[in-house]
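Worksheet: the structure to be examined is printed underneath.
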Amino acid sequence: MMDKKIKEKIIGSLKETVETVVFVVVMVVIIRFFIGEIRWIPSASMHPTLIEGDRIFVERFSRFYSEPKRGDIMVFYPPEEEIKTDPLSVMARLTGFFCKDVAYIKRVIGVPGDKLEVKEMPDGSYRVYINNKPLKENYIMSPDDYIPCTGEMFCGPMKIPAGNYFMMGDNRGNSQDSRFWGFLPKERFIGRAVFLFWPPTRMNIFTRPQY
């Protein structure tokens with residue numbers, strides 16, 4: 001039979017390991033839910049602001065006291081993405097371990113109450129108009145490189161309903177955004193991108209544009 005002291009030592013070690021794992025998981029959940037998380041950029045839709053492989057920090061605490069503003073770069077679940085609520089999916093979402101939820105990153109262009117239109121100019125370029133005024137957008141890839149608006153797209157003119165937002169990528173010629181799937185309900189937001197920390201040569205703090 002196993003010596004009593006050895007048995008007690010093994011049980012004590014297992015208990016300490018379990019307590020450590022539980023503590024780490026709880027802390028990860030608290031940090032991700034209340035403070036923020038790290039994300040990486042998989043696509044070209046936010047060029048030149050963000051490029052493939054960039055690592056960013058996404059804060060989540062401001063959602064408890066403020067609403068997203070025009071110009072904010074936000075991470076969110078797209079409208080067509082089903083957010084599963086079974087225990088395993090919820091735990092994966094809270095911890096980030098084995099999470100398969102699809103998330104997008106785009107810029108807030110239209111806020112609740114705005115009249116918005118993506119309008120083609122005489123020279124073939126496109127401009128975003130907010131409340132009948134052109135929006136100054138120095139951050140986009142190019143005003144000449146836009147996916148042309150069609151009758152099936154959400155290009156306006158339209159009024160953004162309460163609790164909804166209009167999202168667009170900075171690379172207007174290569175972005176699946178609100179022009180294709182419409183308004184984004186605010187409860188779909190995950191958090192706001194605040195700084196790019198990797199690679200070090202591209203390190204940058206994201207500030208809200210002055211419109």
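The values are calculated or read from the model by the stated rules, or taken from the named source; none is laboratory data. Fair warning: this is a prediction, and the values are worked out from it, not measured in the lab. Don't worry about glycine lacking a Cβ; one is built from the backbone with ideal geometry, like all the others, and counts go over all protein chains shown. All accessible areas refer to the heavy atoms of the entire protein, side chains included, with ligands and DNA or RNA removed. Shrake-Rupley method; radii C 1.70, N 1.55, O 1.52, S 1.80 Å.
Over all Cα pairs of the chain, how is the pair count split among 5 Å bins, expressed in % and running from 0 up to the last occupied bin?
1, 7, 13, 16, 17, 14, 10, 7, 4, 3, 3, 2, 2, 1, 1, 1, 0, 0
For segment 139-193, what is the convex hull volume of its Cα atoms per residue in Å³?
103 Å³
Give a residue-ordered list of calculated ³J(HN,Hα) values for segment 29-37 (Karplus: 6.51 cos²θ - 1.76 cosθ + 1.60, θ = phi - 60°; whole Hz; x for Gly, Pro).
Going residue by residue, I get 4, 4, 5, 5, 7, 9, 10, x, 8 Hz, with x marking Gly and Pro.
Explain nothing, just the number: dipole magnitude of segment 77-158 about its Cα centre with +1 on each Lys and Arg Cβ and -1 on each Asp and Glu Cβ, in debye rounded to the nearest 20.
Roughly 340 debye, rounded to the nearest 20.
So what does the Cα-only Debye profile of segment 54-152 read at q = 0.10, 0.18, 0.19, 0.23 Å⁻¹, as log10 I(q)/I(0), no solvent term?
Result of the Debye calculation: -0.42, -1.06, -1.12, -1.34.
How many nm is it between the label spots at Lys84 and Ser43, if each spot is 7 Å from the Cα in line with the beta carbon?
In this crude spin-label approximation the distance works out to 2.2 nm.
How large is the Kirkwood hydrodynamic radius of segment 1-114, in angstrom, based on all distinct alpha carbon pairs?
Final number for the Kirkwood radius of segment 1-114 is 17.5 Å.
Order 197-204, 130-137, 169-176, 184-191 from most to least packed using the mean count of other Cβ atoms within 10 Å. Numbers along the way, then the final one.
Details: 197-204: 11.1, 130-137: 13.2, 169-176: 20.8, 184-191: 18.2.
Going by the mean number of other Cβ atoms within 10 Å, highest first, we get 169-176, 184-191, 130-137, 197-204.
So, with +1 on the Cβ of K and R and -1 on the Cβ of D and E, and no other charges, what is the size of the charge dipole of the chain about its Cα centre, to the nearest 20 debye?
680 debye
Given the DSSP H assignment, sum -39500 (n - 2.57) over each helix run of at least 4 residues in the chain and divide by its residue total; what's the result at 222 nm in deg cm²/dmol, nearest 500?
Roughly -6000 deg cm²/dmol at 222 nm, from the helical runs in the chain.
I'd like the FRET efficiency for Met203 and Ile11, computed as 1/(1 + (r/R0)^6) with the beta carbon distance as r and R0 of 35 Å, rounded to 0.05.
Efficiency, rounded to the nearest 0.05: 0.15.
Calculate, in nm to one decimal, what Ile30 and Glu152 gain on full extension: separation in residues at 0.36 nm each, minus their alpha carbon distance.
On the way: separation 122, 0.36 × 122 = 43.92 nm, distance 4.18 nm.
Full extension of this stretch gives 39.7 nm more.
Per residue of segment 123-135, what does 6.51 cos²θ - 1.76 cosθ + 1.60 with θ = phi - 60° give for ³J(HN,Hα)? Whole Hz please, x for Gly and Pro, Karplus curve as stated.
Result, ordered by residue: 8, x, 7, 10, 9, 8, 10, 10, 6, 6, 10, x, 8 Hz.
Leaving ligands, DNA and RNA out of it, report the carbon-plus-sulfur percent of the accessible area of segment 1-130 at a 1.4 Å probe. Don't skip to the answer; put the middle values down first.
Values: 5280 of 8090 Å².
Answer for segment 1-130: carbon and sulfur cover 65 percent of the accessible area.
Could you pull out the chymotrypsin sites (Phe, Trp or Tyr not before Pro) across segment 92-169 that fall in loop regions by DSSP (anything but H, G, I, E, B) with no more than 16 other Cβ atoms inside 10 Å?
Qualifying residues, ordered by number: Phe97, Phe98, Tyr139, Phe154.
Along Cα→Cβ, 7 Å out, is where each label goes; now give me the distance between the ones at Val18 and Phe97 in nm to one decimal.
My value for the distance between the label points is 1.5 nm.
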